[in-house]
Amino acid sequence: MLSLFVSMILLIIYQFICRCLHKQVIQKISIILIVISISFVSIGYITHFHKVKEPYQITIHKESSLDYLHIAFVSDMHLGSGTYLNDVKNFVDAMNKNDYDLVCFGGDLFDETTPKEMIPEALALLSQIDSRYGMYAVNGNHEHYAQFLDQQAYKKNNIHLLSENYVCVNGLFNIVGREDVSAKSHITYQQVIQNMDTSLPTIVLDHNPKRYQEVMSESDLQLSGHTHAGQAFPLSLATAPLYDNDYGLLLKNDFSLIVTSGYGSWGFPVRFMTQCEFVDIMVTFSKK
């Protein structure tokens, strides 16, 4: 699909050139454009399968009995769209080598192209991840499009799927899971966290980073995905104006928003000037 898209763009450029230049020059330019097209797709394909660990260090300005909290965050695997069970196995190995306290999934683990038989196999593999305080997940927009919202399938594999609710983990910190904006939930964040002890460090999982300002006053860290950082240049130029933060770390007062570019790719297994990654977050605590 991407090759066809690139070829169409180059064909338009080629037709424009044909009207302006002589035949010999046109032939040389045609060869250059073909090489560029092949190189673009080849580099993008290789980049997709090169998974990167992206580290962050965050300070939560609240007291805690914990010295630190080591979090792994992954979003947008898009299993079936160029991400397969072998990639899940490699991810599980990476998780278990890094000794995480907490593993969080930010949605779009599955999408419309995920074969149904792959879903239970992928969840069974993910259940092999060892983490001190467990694994937590939220739905993304593509889980809604694919209508895969089976909380029991996650629970069976030791993954807590949160949907407009929160969990206080061992009395140490809160994890709040928001439903994706595509679900058009009318539940407010204030309703979600009713009766929650906001004096504890609070982490929000929300697939889409768009509405982070709604949670800033009662929360400390939001983890999001969805944007893919544009996935492939020049599409990345289009995502930046849509979000206050379409990739990386945004700090506002004592609140941190981390947006990942995702572990997989959507539609086609190609990345160009973006990366496939999982996020490694070291959280420390220090009251002001």
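The values are calculated or read from the model by the stated rules, or taken from the named source; none is laboratory data. All figures in this text were calculated on a predicted structure; none of them were measured in a lab. Cβ placement follows ideal geometry from the backbone for every residue including glycine, while neighbour counts extend to all protein chains displayed. Ligands, DNA and RNA are excluded from the accessible area calculation, which covers all protein heavy atoms including side chains. Shrake-Rupley method; radii C 1.70, N 1.55, O 1.52, S 1.80 Å.
Compute the label zone of ASP67 within segment 105-147: residues whose backbone N is under 18 Å from the point 7 Å along Cα-to-Cβ.
Backbone N within reach: 132-133.
Assign one of three labels to segment 77-202, namely rounded, prolate or oblate, based on the Cα gyration tensor with a ≥ b ≥ c the square roots of its eigenvalues; rounded applies when a/c is under 1.5, prolate when it is not and a/b is larger than b/c, and oblate otherwise.
oblate
What's log10 of I(q)/I(0) for segment 43-121 at q = 0.12, 0.15, 0.19 Å⁻¹, Debye sum over Cα points only, no solvent?
-0.45, -0.66, -0.94
Kindly work out what percent of the DSSP beta bridges joining two residues of segment 213-283 are antiparallel, to the nearest 5.
50 percent
Determine the gain in length on full extension of the stretch LYS287-ASN165; use 0.36 nm per residue of separation and subtract their C-alpha separation, reporting nm with one decimal.
Here the answer is 41.3 nm.
Hey, for a label at ARG211 modelled as a point 7 Å past Cα toward Cβ, could you say which residues of segment 176-192 have their backbone N under 11 Å away?
Within reach of a label on ARG211, which here means backbone N under 11 Å from a point 7 Å along Cα→Cβ, segment 176-192 contributes 178-192.
How far is it, in nm, from the label point at THR59 to the one at ILE38 when both lie 7 Å from their Cα along the line to the Cβ?
Result: 5.3 nm between the two label points.
Could you check the simple spin-label distance between PHE233 and ILE31, using points 7 Å along Cα→Cβ, in nm with one decimal?
2.6 nm
Please work out the C-alpha center-to-center distance from segment 88-118 to segment 228-269 and express it in whole Å.
The distance from the Cα centre of segment 88-118 to that of segment 228-269 comes to 19 Å.
What are the ³J(HN,Hα) couplings of segment 104-110, residue after residue, when phi is run through the Karplus curve with 6.51, -1.76, 1.60 and θ = phi - 60°? Round to Hz, x for glycine and proline.
10, 10, x, x, 6, 5, 10
At SER127 and ASP197, where each label point lies 7 Å from the Cα along Cα→Cβ, what is the point-to-point distance in nanometres?
Rounded to a tenth, the inter-label distance reads 3.2 nm.
For segment 100-252, with all protein chains present and a 1.4 Å probe, just round the carbon and sulfur fraction of the accessible area to a whole percent.
Carbon and sulfur together cover 51 percent of it.
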